[in-house]
1. Per the Kirkwood definition applied to all pairs of different Cα atoms, how many angstroms is the hydrodynamic radius of chain B?
2. Within 10 Å of each Cβ in A:99-110, how many Cβ atoms from other chains are there, averaged over the peptide?
3. Quick check: from the Cα gyration tensor, does segment B:71-130 come out rounded (a/c under 1.5), prolate or oblate?
4. Check B:TRP373: other-chain or 5+ apart residues with amide H under 5 Å from its amide H, H built from backbone geometry?
5. Please give me, ordered by residue number, the trypsin sites (Lys or Arg not before Pro) of segment B:253-295 that lie in loop per DSSP and have at most 16 other Cβ atoms within 10 Å.
6. Quick one: if you stick a label point 7 Å off each Cα along the C-beta vector at B:LYS418 and B:ASP497, how many nm between them?
7. Return the sequence-ordered ³J(HN,Hα) values of segment B:329-346 in whole Hz as given by the Karplus equation 6.51 cos²θ - 1.76 cosθ + 1.60 applied to θ = phi - 60°, using x for Gly and Pro.
8. Whole percent per 5 Å bin, from 0 to the bin with the longest distance: what is P(r) over all C-alpha pairs of chain A?
Amino acid sequence: MSIPANVQAPPTTAVALTDVRKTYATGPQPVHALRGVSLAVSKGSFTAVMGPSGSGKSTLLNVAAGLDQPSSGRIVIGDTDISHLNPEKLTTFRRRRVGFIFQSYNLLPHLSVSENLRLPWWLDNQTPDPAREQELLRAVGLQDMAHRLPTELSGGQAQRVAIARALATQPDVIFADEPTGALDSHTGASILATLRDAVATYRQTLVMVTHDPQVAAAADEVVFLADGAVVDRAAGASAAQISQRVLELGR
Amino acid sequence: MRQVSLRALRAHWPSAAGVFLTMVLASALIFASGVLIESGLRESDPFSPTATMLPAVMGSFGGVAIMLALFVVSSAFAASLRDRRREFALLRAVGATGGQVRSLISTEVMGISLAALVVGSVAGSFGAGALVPLLRASGIVEEGFAPVVSVLPMLGTAVLLLPAAWLAGRLAAREMARLSPTSAVSTTAADARTLSPGRVTAAWVCLAGGLTATTTPIFVPGAMGGATGASSALLFITAVALAGPALVLRGATWLAERRMMRARAASVLATANARGYSRRLTAAVVPLALLVSLGSVQTGVNRTVAEAGAQQLGDAISGDLVWQGAPEQAADARETLAGLTGVAAVTATETAMVQVKVEATDEDAPFMDRLSWEAGSVLMLDDPSGLIDPDVTEGDLAALEGADAVAVASDDLTLTGKGVGDRIDLRHPDGSESTPTIVAVFDRGLGLGGLIMGPDGLDAAGATESPTVIVETASGEQNAVLQAAEAAGLALTPVDDYVEAATAMSSSDSRLSNVLLMVLLAFIGIAAGNALVIATRSRAGEFALLGRLGATRRQMRAMLGIEAALVAVAAVALGTLTALPGLVGASLAMVRGFSLGVDPMFWAGLAAAAVVIAFAGAAGARLRVRAD
Ligand SMILES: Nc1ncnc2c1ncn2[C@@H]1O[C@H](COP(=O)(O)OP(=O)(O)OP(=O)(O)O)[C@@H](O)[C@H]1O
Ligand SMILES: [Mg+2]
């Protein structure tokens, strides 16, 4: 397995990163969280991102999704170069074309489940579509909990609302940063199955950070990060092979 | 988006209610001042106390109230929005544009403000009514006075407060909109550690402004009133508020290195909290510091002014005995006293009410006309070269004669820019007007009043009052003169007693000014307590986490206690420090010798109030250990 120096984006690429760097200069010493990452994710695929803690996985996702500015490099989603959009345009683009699921704190505590779900429409000045809302709630198995507040949900239920919301506007790409990291493995697996089914149904692209080799094994491609750089990529690897690789990187 | 606003208000009602209350009180204060000022200006008799004193008294109260209100309202909004930073960051992450977050915040701020303005105006009109008995007792309004309530004060309040609220919302929104959406996910959002360059610049500007305000009275002697002192204190406090987070960070870092603070979990946590939440702590300290500062400055400067007046009056009089009595006896008294053996010289004085034209207006509206006249009094000397020395700096008192010559005090601000040879416009109680020429400028205005005229200066123009005869005795003859005068039916008092009585008279409305000051201090106290309670309530999650980690309630109480002590100490220290320049400036500019003018008991009361509020705010914490 070799690391491509510069990825030429084929027409079927959903997300393309070219030599993306990110340096945090907040502390006394600058932290180089990403040191020249180039990556292409093809349309409709499921990509898993793995690597030791602090290797830059969250940073990579935030930057790729337009939540954070890279220090340098190019990021193209679909056919839009988001590194050159102004903040307003970027936000609007993100709202319509990109979904994001955090590890936790995805929901506004004072909005009910269905209101949280309607946020993307409200923000876009659109009238929420009740049929679509019902469909999404059914897809994540929460049709009975539409009126609950986030504090009245279990951790797994809250994450399922976040998934439903990320799917709401039918974005081209969904980024998920350890969406089940805070859950037990059984609940996590069922939620991930929900997410994968939904993504497959709507032919969306999924990029997900995970620590679970089992989950990664189901991905079309696994990207291994270490110390802010892509050190390996694997397609069709088994869970055992992936565990092995992660263990090596952790050392 | 309206749903989001409404739900947010419902969820954050305690802090919204706190801000609302602060805004209601602020609008009530300004509205009530406005109502009383307008009522005074509408009074038909321009020489009645209602017309002359009410607008002046309420104007200076209103001025300080406005400065305070702007300050307190904007910091209340800023604090309540800062607590919801994470929520706004999440909205950004979900795809809200900076503009959407801004308009969400503006809608909320303006909604609360408008509602508070209406409620505050109603409360303010009751407040103005409640003040009437006191105003009447102090002689500031006549019997039967009733405030006139119109829409003007409400418009004025809106014009003053709404932009301040809007701006506070804007500034907070700017900070929120700049937040990176990813900051929503970082579970604990500590305050940013650095100040924006704009904020640092603003802090320096306020510091410079405060210094300018402080040194003004030194270069422009006499130009010191309560308002100047208050504005210098307020500018310093604003500088502290702006630079506060950086100062708190320094202080807390220093504290954290002390061995004493590292001994117990509670003190370690308290100093760490101060460091991590430097903005939150600043927001708690500043209103309390303002309480101490403004209270000290207002009372201190007023006392200094009174003391300076007494000093000037004492210096001006070179006699040693004084007669006071009814106007019709004055001429006889003067004659009798002048004829007594042992009397070296006598001088008789009278005063008359006038109005001085402040600026030329060609406006016909009676309202505007009233604003351009300032009430004052003229001191009339029967012998300008006699026993009263106003300390002439320009011109000559010898030229004071008849109704066409006047001397003015150098510190009379209403006549700034006029000098010897210029004319001033006067209006008299009988309705006549005159335009005497300035023939001299004198320095002892605080003791003698702003205008002096010669014998017969205003005889034609209505009643004169408080006739006084100053007597100078030959050395060793004072007792003999006293007895002789008594025998002639004239009671004389020593000059020192007269000066003391005259100064006590001038502060006879001190009950009113004390009440007004208390109203202002209560306003700051409520706003400060409110801010503290909101800040403590918003930390429920933090307390819950500490509880889950095994902190006992005792430890958390101790931590809160140490934090409250830090807040109280910082507030008293900063409040005192920011008051000092104004007090020292007033003292240097006006009085001989050095006095701060601050009543130690009053200062201790203010400090105690700050301590009590700081601890009461911390006591409201809900330490229930529950899972989120
Ligand atoms: N806001 C920040 N300021 C400074 N440094 C940061 C910031 N966020 C992340 N870092 C640093 O950047 C590096 C990459 O962080 P990142 O969060 O991307 O790691 P990660 O791979 O997601 O780790 P984990 O598996 O623990 O979530 C780390 O060294 C981290 O300390
Ligand atoms: Mg991470």
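The values are calculated or read from the model by the stated rules, or taken from the named source; none is laboratory data. What you see is a predicted model; the values in this text were computed from it and never measured. Cβ atoms come from the backbone with ideal geometry, glycine included; neighbour counts cover every protein chain shown. These accessible areas exclude ligands, DNA and RNA; they are computed on the full protein's heavy atoms, side chains included. Shrake-Rupley method; radii C 1.70, N 1.55, O 1.52, S 1.80 Å.
1. 27.5 Å is the Kirkwood radius here.
2. Taking all residues of A:99-110 together, the mean is 5.
3. Verdict is prolate for segment B:71-130.
4. Close amide H contacts, sequence-distant or interchain: B:VAL358.
5. Taking segment B:253-295 and a limit of 16 other Cβ atoms within 10 Å, the loop trypsin sites (Lys or Arg not before Pro) found are B:ARG258, B:ARG264.
6. 3.8
7. 8, 4, 4, 4, 4, 4, 5, 4, 5, 5, x, 5, 6, x, 8, 8, 7, 9
8. Pair shares across the bins are 1, 6, 14, 18, 19, 17, 13, 8, 4, 1, 0.
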